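Notes follow the structure.
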Amino acid sequence: MLDIITDREKMRERLTAIIAIILLLILVAASYWYAMQASFSNLRYIPSENSPDFIASEATIISFDEQGVAKTRLKAQEFAHYSNDTITMVKPQATTISPNEPITHAEALKGQSVDAGETFQFEGDVVASRAASGNTAATRLETQTMTVYTDTNRFETDDEVDIFSGDDHAHGTGMVFDNLSRTVELKNQVTTIIEPRNGSKNLLPK
């Protein structure tokens with residue numbers, strides 16, 4: 001009988017020890033969890049300007065005017081957006097789609113915007129083209145860099161540029177192409193070859 005009581009007491013002591021260990025472990029785990037919560041609550045995410053907030057592949061961005069009419073469509077093989085509102089693009093393509101404006105299309109190997117998309121800097125094998133309309137032949141511009149002003153439908157470059165309009169060809173350094181007024185200004189070292197037709201010698205007749 002004494003042995004049975006002794007065994008029961010030993011079992012009770014072991015059980016008490018096990019419960020005490022479990023409670024101690026729970027207390028340690030709870031203390032650790034609260035300590036970590038307090039540490040994390042003081043942390044803030046500070047985005048790096050050297051790493052993008054998000055990356056989108058094969059995406060299209062369409063901008064609209066105040067009346068809700070689509071103005072431009074921008075496509076790229078890849079978009080990367082950064083915390084300072086810089087956007088970089090791989091193989092961008094910008095197309096004006098306003099119904100009352102001449103349709104133009106510009107593309108390049110890469111591009112970026114530092115003002116949330118108000119202007120785009122295109123670089124590498126830049127080509128801008130405008131479809132033929134009325135008596136105006138199709139126009140094609142080739143250069144290595146170009147600034148695209150989406151709001152005013154204007155294209156500018158300080159590099160050498162070649163302009164092809166029908167059979168006519170012009171070459172110069174520095175250019176302002178206003179698509180709304182359908183005018184091109186070549187700034188320096190300009191050479192032009194114009195094929196006579198119907199007595200007209202305007203490169204971009206209105």
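For the reader, a short list of remarks on this structure follows.
- 5 angstrom amide H check on K110, placed H, neighbours 5+ away: K91, E123
- Residue order for T88, T191, T60, fewest other beta carbons within 10 angstrom first, comes to T191, T60, T88.
- Principal semi-axes of the equivalent ellipsoid, √(5λ) from the alpha carbon gyration tensor of the stretch 54-193, are 26, 18, 12 Å from largest down.
- Placing +1 on the Cβ of every Lys and Arg and -1 on the Cβ of every Asp and Glu, with nothing else charged, gives the stretch 54-193 a dipole about its Cα centre of roughly 320 debye.
- Using the Karplus relation 6.51 cos²θ - 1.76 cosθ + 1.60 with θ = phi - 60°, the per-residue 3J(HN,Hα) values for the stretch 103-120 come to 6, 10, 9, 10, 9, 7, 6, 8, x, 7, 9, 10, 10, 6, x, 5, 9, 10 Hz, with x marking Gly and Pro.
- Full-stretch length increase - Y149, A132 - with 0.36 nm per residue and alpha-carbon distance subtracted: 4.0 nm
- Estimated FRET transfer efficiency (I18, S51; beta-carbon r; R0 45 Å; 0.05): 0.35
- With the alpha-carbon atoms of the stretch 52-122 aligned to their principal axes, the span from lowest to highest coordinate is 36, 25, 19 Å, starting with the largest.
- For T72, distant residues with modelled amide H under 5 Å away: S63, I97
Read the figures in this text as sums done on the coordinates, not as results from a lab. Not measured: the values here are computed from a predicted model. Ideal geometry is used to build each Cβ from the backbone, glycine not excepted, and the neighbour counts take in all protein chains shown.
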